[in-house]
Structure formats: structure tokens, C-alpha cells
1. What number of residues in segment 86-99 are surrounded by 15 or more Cβ atoms within 10 Å (Cβ to Cβ) and over 15 Å from ALA136 (Cβ atoms)?
2. Among what's in segment 283-307 and is of a type in the set (Phe, Trp, Tyr) and either farther than 28 Å from TYR334 by Cβ or modelled with pLDDT of 80 or more (or both), pick the residue that is surrounded by the fewest Cβ atoms within 10 Å (Cβ to Cβ).
3. With PHE332, PHE366 as the choices, which residue is closer than 23 Å to ALA235 by Cβ, in contact with a helix residue (DSSP H, G or I) (Cβ under 6 Å, 6 or more places away or on another chain), within 16 Å of ligand 2 (Cβ to nearest atom) and of a type outside the set (Gly, Ala, Ser)?
4. Filter segment 287-316 for residues that are outside any loop (DSSP other than H, G, I, E, B) and of a type in the set (S, T, N, Q); which is nearest to GLY42 (Cα to Cα)?
5. If we keep just the residues of segment 172-186 that are charged (D, E, K, R) and part of a helix (DSSP H, G or I), which is farthest from HIS358 (Cα to Cα)?
6. For the structure I just gave you, tell me whether ALA136 is within 16 Å of ligand 1 (Cβ to nearest atom) and more than 30 Å from GLU368 (Cβ to Cβ).
7. Identify the single condition in (1) within 16 Å of ligand 2 (Cβ to nearest atom); (2) of a type in the set (S, T, N, Q); (3) out of contact with any Lys or Arg (no Cβ under 8 Å at 6 or more places or on another chain); (4) at pLDDT 95 or above that THR397 does not satisfy, given that it satisfies every other one.
Amino acid sequence: MTQSPHDILRTVFGYHAFRPLQERIVARLAGGGDAFVLMPTGGGKSLCYQIPALLRPGVGIVVSPLISLMKDQVDALRENGVAAAAYHSGLGEREARQTLARLHAGELDLFYVAPERLMSDGFLDRLRELPIALLAIDEAHCVSQWGHDFRPEYVELGRLRRLFPGVPLIALTATADPQTRLDIVDRLGLREAELFVSSFDRPNIRYTVVDKQKPFQQLQTFLNVRPDEAGIVYALSRKRVEEVAAKLQQAGIAAAPYHAGLPDAERSRVQEAFLRDDLRVVVATVAFGMGIDKPNVRFVVHYDLPKNIESYYQETGRAGRDSLPAVALLLFGYGDIAVSRGLIENGSNPDQVRIELHKLNAMVGFAEAVTCRRRVLLGYFGETLAEPCGNCDICLTPPEQFDATEAARKALSCVYRVGQRFGMGHVIDVLRGSHGDRLRQLGHDRLSTYGIGADRSAEEWGSILRQLIHRGYLEQDMANYSVLKLTAAARPLLRGEETLTLARPRVKVAAPKKEPKR
Ligand code: ADP
Ligand code: ZN
């Protein structure tokens with residue numbers, strides 16, 4: 001008696017209905033076709049190849065980059081009574097031999113394997129003598145340098161499509177901007193594959209960005225207005241993680257640090273305490289979150305600017321898995337851009353550096369956006385939102401506009417007066433008439449623009465200068481200490497031939513409007 005996909009979904013996995021796309025993907029593979037699947041984390045990618053592997057004769061081969069991911073999957077499958085095994089460098093010799101013996105005896109339905117193991121010649125030769133149900137490439141973005149997690153050992157996988165004609169191949173990923181997507185298709189030889197893209201929208205997450213001023217105070221204010229809620233605070237360095245966690249503890253908040261430098265036991269302890277709701281806040285580097293399945297994470301705060309939109313999306317996506325309202329707050333400081341840029345430029349591979357700078361720019365674009373954030377975010381992944389979302393800071397409190405003609409003129413002429421040879425901090429110091437030694441040594445206290453902007457705070461000037469950059473009146477010389485320079489567009493404004501409207505700076509963490517009571 002042959003089973004239907006739906007039977008297997010019910011009897012083996014215990015679910016009643018397929019999620020959107022799952023059923024079509026299963027049918028496509030069961031029918032022998034290739035598929036390329038883009039689905040956010042938690043969307044249910046695994047079933048897309050597990051069920052057709054059970055439907056078709058032979059074993060399903062699954063390529064996965066991380067031993068821990070393989071283990072989780074195999075454990076879960078075995079629990080459901082599926083004959084599954086993983087083959088990777090973490091196995092002892094005996095275990096490895098037994099696993100291969102089971103594979104060759106045709107005892108396995110699913111075989112998880114690390115890419116470098118799979119692609120060794122001896123292994124491929126033997127594999128070709130076995131009936132193969134399908135080939136699945138998980139985390140397929142690892143094949144692309146455009147992806148955020150390039151793994152050289154994935155490149156070899158490009159040979160699979162030709163080596164196994166007639167075996168359906170499925171590539172899956174949770175993160176792929178259009179550029180990465182094309183690259184994956186190209187590198188894996190998936191031109192014939194049907195593309196399945198599910199929406200990346202997480203409508204219950206409220207995206208919010210504020211100018212980073214006194215970040216710890218801003219974080220505290222944010223936490224104070226939601227005393228019963230738990231969440232994650234991401235920071236870029238271990239040092240900062242430790243600092244922020246310590247300060248939160250001093251403020252009486254149940255918080256703990258988490259980063260790759262801590263002992264394994266401590267990390268597990270933090271993770272478990274957080275899952276059990278014994279910890280309110282985990283302050284973490286990006287190391288935290290892989291495999292965290294806590295449904296009631298109510299907020300994710302980015303204390304520092306993430307390196308790219310993929311990471312931002314991935315990290316904010318850990319909030320609100322239970323579909324109840326959740327908040328993603330980004331503290332956006334201009335200084336962070338320079339820090340990230342510096343880290344990226346230290347890289348040795350020029351192609352990689354170029355790509356990462358491009359991605360950082362897109363991240364900055366999101367942070368500086370004055371239109372619906374969700375539109376910008378989904379737009380990055382190639383998805384268009386018909387209407388502004390109504391659930392981001394821009395939609396909820398559209399930026400107030402003000403006539404910035406005069407302020408812009410002051411700022412632009414100050415950039416000119418300092419010789420277009422200084423960055424934002426210095427320009428602001430001159431505008432506000434600060435008394436630094438360096439300023440005096442340079443003779444900048446004698447410039448005509450010295451002190452003409454004393455009526456505005458440094459934060460306000462920062463916001464104005466950023467908007468001038470964003471709007472194309474100024475440019476920052478990335479290769480040269482982020483020095484500010486005028487563009488051709490600045491001239492009419494300086495000459496008084498144009499007026500300019502800008503958004504009023506936002507420096508406060510807005511209290512939530514009216515959050516539904518839970
Ligand atoms: P992804 O690999 O896309 O991150 P998973 O395959 O791990 O997602 O699935 C995420 C969660 O959703 C898992 O707990 C899985 O069991 C569950 N799930 C997947 N498909 C369904 C379904 N059709 N019905 C109910 N739960 C599902
Ligand atoms: Zn919006």
C-alpha cells in the first residue's frame with residue numbers, strides 16, 4: 001500500500017496540515033523534479049525533503065554544514081521512528097563504520113552528511129551504486145560568497161547535479177537576497193529547479209530604530225516600560241556584552257552575558273535559564289540564538305549595528321515566535337558604522353571586503369530609512385509590500401518634518417571651511433564652538449563657521465549631517481577616515497537657490513503606544 005504525503009505528515013510527524021508551500025514542494029520532489037526553497041527560519045523547511053525521502057525508494061542524502069544541526073535533526077527523526085543517521089567528523093571510528101554499513105545495507109531513509117565527506121571521491125563512487133531518493137542541500141547560501149556564511153567546502157557541491165542525473169535535488173535556505181539567490185542557482189546548477197519562496201514577513205514584530213545616544217539609559221528606559229517581558233540584547237563585542245550584562249544586573253534586572261568565550265557549561269546554563277523564564281534578559285553576541293526555540297521572546301534589542309540585513313533579520317526573527325506582538329529595537333549610532341567598516345576592511349579577501357561593505361551599506365540604509373521599515377527590510381529580500389505596514393516606528397509615528405534650509409547651509413559651509421578634510425565629529429565641534437586643543441591648533445576656532453550652530457545639540461547636528469549624506473548633499477570618503485565632502489548637489493543649497501525639508505531627529509526611545517495586554 002502506498003502512502004500519501006499527507007499520511008506521512010500525520011502518522012510519522014504527527015501534524016494535521018501542511019504549511020503554505022510544503023505540500024507543493026513535497027509533490028515536486030516526489031515527482032522527481034528539482035526545487036529551490038527560500039523560507040524563513042522556523043518556516044518548516046525540513047519536512048520538504050524528509051517526506052519525499054520517505055515516499056521515494058532509496059535513501060535521502062542531506063548535506064548540512066554543522067554537526068549540531070545534523071544531530072538535532074537525526075534525534076528528532078529517530079524519535080518519530082524514522083531510520084536516520086549522521087556521518088561527520090565527530091563520530092568515532094566504530095560508529096562511523098556502522099553508519100556506513102547501515103547506509104550500504106539500505107537500512108536508512110535519511111542520511112545526513114558533511115559536505116567534505118560527501119564529496120570525497122571514494123564516497124561518491126560508492127554512493128552512486130545505491131538507490132538515492134533525493135539530494136538535499138540545507139543552508140544552501142553557504143555556497144555563495146554573496147551569502148553571509150560562505151563555506152569553501154560547499155563549492156564542490158556544484159558537481160552533484162551532474163553526478164546524479166535523475167535524482168531530484170533540493171536546495172534550501174533561510175536567507176537569500178536576490179543576488180545570493182542567483183548565485184546559488186548558478187553554482188549548484190539548478191536552472192531547471194522550481195523556485196519556492198515563502199514570505200519573510202513577520203507581521204507581529206514591530207521594527208523600531210532610534211538614534212543611539214546614551215545607549216545604556218535608552219536600554220533601561222526600554223526595559224522599564226515592559227517589566228514583565230523577556231528578550232535578547234545583541235552587542236558586537238564580548239567586552240560590551242559583559243559590560244551591559246553587569247550594568248543590568250546592578251540595576252536589579254535578571255540578566256546574563258552569553259558569548260563564545262564563555263565555558264560550554266556556563267553557556268548551557270544561561271540558555272536553559274532563559275528558556276525556563278528564570279532569566280529576563282540575555283546580553284549576547286551573535287553566538288546566541290542558533291537553535292534557540294523560545295516562543296515568548298518579546299523583544300530583541302540591537303545595542304550595536306548588525307553587519308548586514310541578513311543578520312539583523314535572523315536575530316530580530318527570534319522575537320515573537322508565538323505570533324504575539326514583539327518589538328525589535330535598533331540603537332543606531334553613526335560611530336558604529338565606522339567600527340564595522342574597520343572590521344570589514346581588515347579582511348584579506350578583496351572580493352569579500354567589497355561584498356561586505358555593500359551589505360553594511362544596505363544595513364545603514366535600513367537604519368536611516370524614513371519610509372516604512374518593513375518595506376525596506378522585505379524589499380532587501382526581493383519581496384514587495386503593497387501597503388506601508390502600520391507596525392513600525394515610521395508608520396506609527398511618521399517623522400516630523402522641519403525647514404532645515406538654514407541649518408543645512410550652516411552645516412555645508414562648515415564642511416567647506418574645514419577644507420573637506422574632517423569627519424562628522426570635528427565638523428560638529430566647530431559648528432557648536434567647542435573648546436578643544438586640537439581645534440585651536442588647527443586654527444578652526446577662527447573660522448567664520450565657528451560656533452554658528454551653538455543653538456543645536458551635537459545629537460541634532462549628527463542627525464542633520466546624516467540626513468544630508470543620505471540625501472546626497474554630502475558624501476563620506478570611506479577610504480579616508482569618513483571625511484565629509486560636498487557633492488555637486490550642495491551648491492544650489494549653499495547659494496540659497498533651494499530650500500530643504502528634513503526629518504526631526506529622534507533620540508528618545510518612545511514608550512509603547514498601547515500594547516495589547518497579555
Ligand atoms: P526551518 O528548517 O525552516 O527553520 P523546521 O523544519 O525546523 O524549520 O521547522 C520548524 C518547526 O515547525 C519545527 O518544530 C517543525 O516541527 C514545525 N513544523 C514544520 N512543519 C509543520 C507543519 N506542517 N505543522 C506543524 N508544525 C510544523
Ligand atoms: Zn511600516
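The values are calculated or read from the model by the stated rules, or taken from the named source; none is laboratory data. Predicted, not measured: the structure shown is a model, and the values here were computed from it. Glycine also receives a Cβ, built like all others from the backbone with ideal geometry; neighbour counts cover every protein chain displayed.
1. 4
2. Within segment 283-307, the match that is surrounded by the fewest Cβ atoms within 10 Å (Cβ to Cβ) is TYR303.
3. Testing whether each residue is closer than 23 Å to ALA235 by Cβ, in contact with a helix residue (DSSP H, G or I) (Cβ under 6 Å, 6 or more places away or on another chain), within 16 Å of ligand 2 (Cβ to nearest atom) and of a type outside the set (Gly, Ala, Ser) leaves just PHE366.
4. Per the stated criteria, the residue is GLN314.
5. ASP186
6. yes
7. (4)
One line per residue, one yes/no per condition, for (1) under 23 Å from GLN220 (Cβ atoms); (2) charged (D, E, K, R):
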| position | (1), (2) |
| --- | --- |
| ALA284 | yes, no |
| ILE292 | no, no |
| THR316 | yes, no |
| ASP322 | no, yes |
